[in-house]
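Step one of this worksheet: look at the structure below.
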Amino acid sequence: MPGVLQRPAVVSRISDLIGYTPLLELATTETGNRLLLKLEMFNPTGTAKIRMARAMIDAAEATGELRSGGRIIESTSGNTGLGLSVIAAERGYTFTAVVDHHAAADKLRTMKALGAELVYVDDDSSGEELHTAAREERAEDMARDHDNTIFTEQHNNPANGVGYFPVAHELAEALDGRIDILIGAVGTGGGLCGTGRELTKLITGFTTIGVEPKGSIAFGGPAHDYYQSGTGTPEGAEIGALVDFDLIDEGVKVGDIEAFATCRAVARTGLLIGGSAGGVVYEALTRLPLLPPGTTMVALINDGGEKYMDTVFNDNWMTERNLLDPTLEREVEERLTKLRRNR
């Protein structure tokens with residue numbers, strides 16, 4: 001697959017900048033175990049989800065469901081909506097994002113700046129409850145019986161997973177097929193399972209680990225509220241059709257406190273990562289020293305931390321919700337410092 005990792009020097013559309021994201025070696029053990037981060041925040045909109053946004057629109061155009069001047073509707077906590085905003089703007093579609101106030105404010109503001117119409121399912125701008133099921137129902141109702149209007153339905157759209165197939169090719173080429181563990185967050189399931197499905201066609205013998213927030217139900221209960229956004233399956237929502245348990249060797253849960261402490265510790269290395277990515281990195285760092293010598297672990301980092309200045313990186317917001325744990329932050333930072341010395 002020569003050339004997969006080489007972006008053209010000049011492009012004509014923002015979407016031409018999707019993919020080719022870098023790998024960062026975050027940590028290495030004395031036994032040669034490596035933790036590599038696939039930095040998907042280097043995509044336009046700073047997130048992996050623009051990959052599947054483009055794929056879903058490509059699929060709708062191919063079937064004729066979406067035609068010139070059409071309307072796209074999606075229920076989103078932010079990152080998928082950002083991707084659809086860009087694709088809609090490029091192709092001349094109207095995009096309506098069905099949202100709630102659980103989403104990071106910067107994501108909502110950015111969607112609007114990109115031309116999206118925002119429809120809220122909750123009235124309280126200070127509310128923080130996740131309304132996934134209500135969003136899905138509203139989006140479906142809005143699209144029903146309207147010509148040239150689609151509800152992309154990211155949780156059950158096969159094109160979601162297809163959008164991540166290129167990630168597998170990028171990883172296989174960059175690492176010459178040497179990947180022992182693939183670890184990533186599980187929300188819709190498209191990112192981890194789409195990448196994993198395609199990767200099985202390219203290499204063998206790797207393990208896939210899915211990470212969801214404590215409170216999410218994909219890997220069992222108990223269910224409760226959580227603050228990590230854009231990931232997991234909250235109580236009352238259906239587990240997405242793209243969550244393929246046959247492709248996930250192990251499912252684990254990481255709490256908000258651990259995830260956010262990791263984001264804040266990683267930031268002090270110079271890298272900003274999003275909340276769910278913090279959960280993935282926390283689990284990866286915990287496991288890395290315990291793995292067989294020479295193990296290569298790749299963590300999918302779905303978005304950057306710039307969108308979370310008002311939340312994860314805001315001491316007041318964290319303190320008000322009993323999420324701030326300076327002791328744990330120091331522990332993660334010390335673990336990182338030790339592991340980074342081995343690089």
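The values are calculated or read from the model by the stated rules, or taken from the named source; none is laboratory data. This one's a predicted model, so the numbers in the text were calculated from it and none came from an experiment. Virtual Cβ from ideal backbone geometry, glycine too; neighbours counted across all protein chains shown. What goes into the accessible areas is simple: the full protein's heavy atoms, side chains included, and nothing from ligands, DNA or RNA. Shrake-Rupley method; radii C 1.70, N 1.55, O 1.52, S 1.80 Å.
Using Cβ point charges alone (K and R +1, D and E -1), the dipole size of the chain about the Cα centre works out to roughly 1360 debye.
State which entries of K201/K307; K107/K338; K38/K112; K214/K307 exceed 30 angstrom in Cα-Cα distance in the structure shown.
Values: K201/K307 34 Å; K107/K338 34 Å; K38/K112 28 Å; K214/K307 22 Å.
K201/K307; K107/K338, as the Cα separations exceed 30 Å there.
Computed log10 I(q)/I(0) for segment 185-343 at 0.12, 0.19, 0.20 Å⁻¹: -0.53, -1.25, -1.34, from the Debye equation with unit scatterers placed on every C-alpha and solvent omitted.
Taking a probe of 1.4 Å, how large is the accessible area per residue of the chain, in Å²? Could you put the intermediate results ahead of the total?
Values: 14270 Å² over 343 residues.
Per-residue accessible area for the chain comes out at 42 Å².
Order the following by accessible area, largest value first: Y282, Y20. Probe radius 1.4 Å; ligands, DNA and RNA are ignored. Write down the numbers at each step before the final one.
Numbers: Y282 50, Y20 75 Å².
Final ranking, largest accessible area leading: Y20, Y282.
Which value, in debye to the nearest 20, describes the size of the charge dipole of segment 170-210 about its Cα centre when Lys and Arg Cβ atoms bear +1, Asp and Glu Cβ atoms bear -1, and nothing else is charged? All intermediate terms of the calculation are to be shown ahead of the outcome.
Working: 3 positive and 5 negative charges, 33 e Å.
Dipole magnitude for segment 170-210 comes out near 160 debye.
Placing unit charges on the Cβ atoms of the charged side chains and taking the dipole of the chain about its Cα centre, the candidate lying farthest along the positive direction among V252, T200, Y120 is T200.
How charged is the neighbourhood of G83? Take every other residue with its Cβ under 10 Å from the Cβ of G83, and add Lys/Arg as +1 and Asp/Glu as -1. So the environment of G83 carries a net charge of +2. Applying both filters, DSSP loop and at most 16 other Cβ atoms within 10 Å, to the trypsin sites (Lys or Arg not before Pro) of segment 246-300 gives R268.
Out of every Cα pair in segment 160-272, what percent are spaced more than 25 Å from each other? Distances greater than 25 Å cover 28 percent of the Cα pairs.
Can you give the Kirkwood hydrodynamic radius of segment 101-168 from its Cα pairs, in Å with one decimal? By the Kirkwood definition, the hydrodynamic radius is 14.2 Å.
Relative to the Cα centre, what is the charge dipole magnitude of segment 71-183, using +1 at the beta carbon of each Lys and Arg, -1 at the beta carbon of each Asp and Glu, and rounding to the nearest 20 debye? Display every interim value, and only then the final one.
Details: 9 positive and 21 negative charges, 79 e Å.
The calculation lands at about 380 debye.
Report the Stokes-Einstein translational diffusion coefficient (µm² s⁻¹, integer) for segment 225-265, Rh taken as the Kirkwood radius over Cα pairs, at 10 °C with viscosity 1.306 mPa s. Let's see the in-between values first.
Values: Rh = 12.2 Å.
Approximately 130 µm²/s, per Stokes-Einstein.
If you scale each eigenvalue of the Cα gyration tensor by 5 and take the root, what three semi-axes come out for segment 44-143, rounded to whole angstrom and sorted largest first?
Numbers: eigenvalues 99, 44, 25 Å².
For segment 44-143, the ellipsoid semi-axes come out as 22, 15, 11 Å.
The slack between L24 and D123, meaning 0.36 nm per residue of separation minus the straight C-alpha distance, is 31.5 nm. Projecting the Cα positions of V211, T296, Y282 onto the charge dipole of the chain (unit charges on Cβ atoms of Lys, Arg, Asp and Glu, taken about the Cα centre) puts T296 furthest along the positive direction. Seen from R340, the other residues with C-beta closer than 13 Å to its C-beta sum to a net charge of +2, counting Lys and Arg as +1 and Asp and Glu as -1.
For the chain, the fraction of 1.4 Å probe accessible surface lying on carbon and sulfur atoms is 48 percent.
Using only the alpha carbon atoms of the chain, find the Kirkwood hydrodynamic radius as the inverse mean reciprocal pair distance, in angstroms to one decimal.
On the way: mean 1/r = 0.0496 Å⁻¹.
The answer is 20.2 Å.
For E153, the residues 5 or more places off, or on other chains, whose built amide H falls under 5 Å of its own are S75.
Accessible surface for H131 stands near 50 Å², nearest 10, in the context of the full protein assembly shown (1.4 Å probe).
Full extension from D58 to E250: what is 0.36 nm times the residue separation minus their Cα-Cα distance, to one decimal in nm? Display every interim value, and only then the final one.
Details: separation 192, 0.36 × 192 = 69.12 nm, distance 3.19 nm.
My answer for the length gained is 65.9 nm.
Whole-Hz Karplus values for segment 187-204 come out as x, 5, x, x, x, 6, 6, x, 5, x, 4, 6, 5, 5, 7, 10, 9, 10 Hz, taken residue by residue from phi with 6.51 cos²θ - 1.76 cosθ + 1.60 and θ = phi - 60°; glycine and proline positions read x. Taking θ as phi - 60° and the Karplus parameters 6.51, -1.76 and 1.60, the scalar couplings of segment 175-183 work out to 10, 6, x, 9, 9, 9, 9, 10, 10 Hz in sequence order, x denoting glycine and proline.
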